[in-house]
Structures are given as structure tokens and as C-alpha cells.
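Structure first, commentary second.
The values are calculated or read from the model by the stated rules, or taken from the named source; none is laboratory data. None of these values were measured; they are calculated from a predicted model. Note that we place each Cβ from the backbone using ideal geometry, even for glycine, and neighbour counts take in every protein chain shown. Surface areas here come from the heavy atoms of the whole protein model, side chains and all, with no ligands, DNA or RNA. Shrake-Rupley method; radii C 1.70, N 1.55, O 1.52, S 1.80 Å.
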Amino acid sequence: MAAADTDWENFPSYSDLWRGIREFLDYVYSDTFNDGKETFHVESTWQSCNFNIYDILFIIVLSIIWTILRHFATEGIFKPLARHYALTPTNQAKMPESAWKFTYYLCAWSYALYVVVLSGNYMFFQKPSTVWDNWSLWESPPMDIYIMYMAQCGFYVHSLYATLFLDTWRKDSLVMMIHHVLTVSLISISYALRYHNIGSLVLFTHDACDILLEFTKLNVYFKIQGGKLKRRHEIFANISFFCFTVAWYVCRLYWYPLRVLYTATADVQRMKLVLPGALLMNSLLWLLQILNIYWFLFILQFLFRVATGQVKEVDDTREYDVEEKLIQTSKTHSTKNGLVNGNVKTNGSCDDGVILNGNVAGTNSIREKKD
């Protein structure tokens, strides 16, 4: 029986991916692709890069619009909301950033979901190899993908400014800057060389994780309201962090390498495609995967701390004040455990909403950190 159009392509293994990358590199540095086929010279490729001045101006205007929208959303919605719910001073300062990013990523991924999956115009999700169907250097992208590309590129140009001047500075902020530069480069190059099909798949597989990350952080910030613990937000934070961990592995460490990276190497080699800048494109995609693994180590680090009892609840361990809080909490635990062993009772306390769960004899209380 012939396969239906909706049938999914089989998932390759990690060994298949490695073999595909090795074969791709072998072919890149050989003449196999070029035998009897058209070649693209670097000069002619960039002269026909299809990235005109109007596209550049559009991206700059969009980046300014994102910055303005963030300002008005922060001042008119997010900050008043934080004050209304009487969040701790520290969380009032952090909440607007996560609320803005959650709103953006939810809208961006919803649109990508519609374009890539729900619209029915493409089969990239089910059959990633179709991203190369009818590829042409001089073929303009469809309007729905064009809008997604311009909006995303403008947002990450805005994010370069936001990371330096608006966002909380974290342990990985420099890595985040590299990520934003890499993302802008990937979007720009893939648009210029008409790799927008595979680029839309990259965007789709990454933004879902960011939604769950920011939703988790929002629930962490909303746990303490008016000095009181709201248990439902603690539950939501734990559930969403679990979903975030699973989504990160599935989307960025399973789907992305075994679908996107495999398609960009093994399928290109199998189809004997002659693509301009193929090695450059793949190098950037591989670097993005290295960053995915780097951030996954933060997740594993947090899970290790939970398993060893160093932390009792979800928090962003990339933030310097959270790290200091964990160190202080660890010292407090050690001191109080010594007092308990000496038969001295004491009241449990915690900074900025970290709950000790009754590990120390006495009545637990919550004390806001005085900034």
C-alpha cells in the first residue's frame, strides 16, 4: 500500500546523525557534489543574496517596535500587576521581564505552530526532508514564513539591547548574547540563501521551551504575595518545570538534532543537493546545539541539587541572587541542624520565600529579604 501524505518520516538514531554529519563533511571537501552539477561561487551567491535594504529597514523598525511595546507593557501592565499582588521587592523587579518574554514566545510559537503544522501548507513537521523540495536561490519565501522571519529577527535584534540594558544579569548572560547574535545570523543567512523552510522548523522546535521556562519563573515570582505563600503557584511551578525539562529534551536534544540537523546534512548528501554556504549554515546550526546542551547542564545541575536536598523548590539557579540565597540557606541549615542536635529549639525562617519545609524544630515563618 502506498504511504499516505500524512505519514511521518522515520526518526534516525544519533549514530545515523553522526554518520550523516561525517559523510556531509566528506562530500563538502570533495568534488562529488559538483560532478555534472551547477556550482555556486561565493561572489555570485552573495550578489544574489535576496536580502535588500527594505528587509533590513523592516527588521530595524520591528526591533524598535518590540522595545517600545516592552516598555509600555512593563510600565502599564506588568509593574502595576506586581504591585497589586504585593510581590516581594526582588520579584517585583524580575517579574516584568518574564511576563514580557512569556507573552512574546507564546504568540511567536503559536504563529509558528499555525504556519508549520496547522495551516496544512507544509509537511516540514511530519517530513523534514520536504524542506528541500523545489529549493531555489531565487525563490522568494511565502508571505506567512516571511512575516515569521522578519518578526523573529527583529525580536532578537531587540534582545541584544534588552540583555545588556533591560534584563537581569545572569551567569549565562554573555552566552545569551552569543545566542542572540547566532540567532540573528542564522535567520539572516537562511533568509538570504532561501533556507527559510528549515529555518521555520528551527524556530518551531525552540520557542516552546521558552514558554514553559517563563511560565515556571512567573509562578515562582507569584508564590509569595503580601508575605504569604500561595501554594497553587508552587504546584504550578513544579509541574511546569517538569514539563519544561521534558520539552527541552524532546524539542532541543531529540527533535532538533535528529530532524533538523539530520535533514541539513544526511538528506542534503542523499539528495545530492548543491547548496551555497551549506557548511556555514550547518556550522551555525551545530553551534546552536552546543548552546542547547550547555543550558541543559543548568537543568541537570538544579535537578542534582533537588535530589541531594540542597534546594527545596524551583528557582532560576543562573541568577546571582538565587545562588547567594542557596548558599545562605545552606549555611542556615547547617547552623540550625547544629542547634537541634544540641537540643535547642529555634524558629525556621527563610529569605525571599524559600521554604524550609519544617526541617528545623519550631514554627516555620516567611521573612521577606530587605533589599
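Structure values in brief
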quantity	calculated
Carbon + sulfur, % of accessible area of the range 49-92 - ligands and nucleic acids excluded, 1.4 Å	73
Gain on full stretching of the segment that runs from Trp169 to Trp8 - 0.36 nm per residue minus C-alpha separation	53.7 nm
Most to least packed among 182-191, 8-17 [average Cβ atoms within 10 Å]	182-191, 8-17
Listed residue (Ala162, Ser129, Pro142) projecting farthest to the positive dipole end of the range 121-174, Cβ model	Ala162
Computed FRET value (nearest 0.05) for Arg270 with Trp138, which takes r as the C-beta separation and R₀ as 30 Å	0.80
Percent breakdown of C-alpha pair distances by 5 Å bin, ordered from the shortest bin, for the range 155-246	3, 12, 15, 18, 17, 15, 10, 5, 3, 2, 0
Full-stretch length increase - Glu23, Cys107 - with 0.36 nm per residue and alpha-carbon distance subtracted	26.4 nm
Which listed pairs, of Lys101/Lys127; Lys101/Lys171; Lys171/Lys223, have C-alpha distances above 22 Å, in listed order	Lys101/Lys127; Lys171/Lys223
Cα gyration tensor category, rounded, prolate or oblate, for the range 99-174 with a/c compared to 1.5	prolate
Other-chain or far-sequence residues with amide H under 5 Å of Leu87's (modelled H)	Gly226
